Amino acid sequence: MIDKLHVLSVIDAALQGTDKFLVDLKITSDNRINVAIDGDNGIVIDDCIALSRQIENSLDRDVEDFELNVASAGLDSPLKLKRQYKKNIGQELSVTTFDGTHEEGRLEDADDNQITLRLLGKKHKNAEPLHFNYTDIKTAKIIIKF
C-alpha cells in the first residue's frame, strides 16, 4: 500500500511557499490516491498538473501500481478547513450543524474558533448575525447562484 505520510510530505513540499493548500488526501486499499487542493486565490488546472507530476515522480510504479487524481476542491464541495472559510468571506453559505439546525446567509467573518453568518432576506434584515463554532458545523457549502 502507498505510504500516506510519504505522499503528504511530497504535497507539503510542493505547496510550501505558495498560496495553495491541501484540503483532503485519501488513499484507498487498492492504491487510488485522491488529492483535493485549494488556494487563497483559487486553483487552475496547471496547479493540479504540477502537483500530480511531483507526486507521481516520487512514487515507483515498479514497486506498486497506483491511480492518482489531483483536483481542486470544487465550489460544490463542503468547506473543511478554517482557511477555506476565511477565503470565502462575503460568499453565501448553507450551514448545517450536528444538532440539525440549517441556516443560509452571507459569511461575514471567520476566525480561529467560529464563523459569523448574516441571514438573508427581508424577514432577517435587522436580525443579529449568527455565530457557529467550527466544532458544531456538520457541513457548510457555498451557495452557487447563476
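Could you work out how far helix 45-58 tilts from the main Cα principal axis of the chain, as a 0 to 90 degree angle to the nearest 10? Helix 45-58 and the main axis of the chain meet at about 40 degrees.
Our helix-only sum for the chain, with -39,500 (n - 2.57) per DSSP H run of n ≥ 4 divided by its residues, gives a mean residue ellipticity at 222 nm of -6500 deg cm²/dmol.
Counting only alpha carbon atoms, the long axis of helix 4-15 and the longest principal axis of the chain meet at about 70°. By the count of other C-beta atoms within 10 Å, a proxy for reagent exposure, Leu75, Leu8 are ordered fewest to most as Leu75, Leu8. Reducing the range 58-75 and the range 94-114 to their Cα centroids gives an inter-centroid distance of 33 Å. The protection proxy used here, the mean number of other Cβ atoms lying within 10 Å of each residue, ranks peptides 23-35, 53-65 as follows, highest first: 23-35, 53-65. Cβ-to-Cβ counts within 10 Å put Tyr134, Tyr85 in ascending order as Tyr134, Tyr85, the fewest first.
Shown here for the range 104-136: trypsin sites (Lys or Arg not before Pro) in loop regions (DSSP other than H, G, I, E, B) with at most 15 other Cβ atoms within 10 Å, namely Lys125. Using a ≥ b ≥ c from the Cα gyration tensor of the range 82-142 (square roots of the eigenvalues), is it rounded, prolate or oblate, where a/c under 1.5 gives rounded and otherwise the larger of a/b and b/c decides, a/b for prolate? In terms of gyration-tensor shape, oblate.
Using a Gaussian network model of the chain in which every pair of alpha carbons under 10 angstrom is joined by a spring, one finds that among Glu104, Glu128, Glu92 the greatest mean-square fluctuation is at Glu128. When each of His124, His102 is scored by the number of other beta-carbon atoms lying within 10 Å, the sequence from fewest to most is His102, His124.
A short reminder: the numbers here are calculations on the coordinates, not readings from a lab. On a predicted model such as this, the values are computed, not experimentally measured, just so you know. For neighbour counting, all protein chains shown are included, and Cβ atoms are generated from backbone atoms with ideal geometry for every residue, glycine included.
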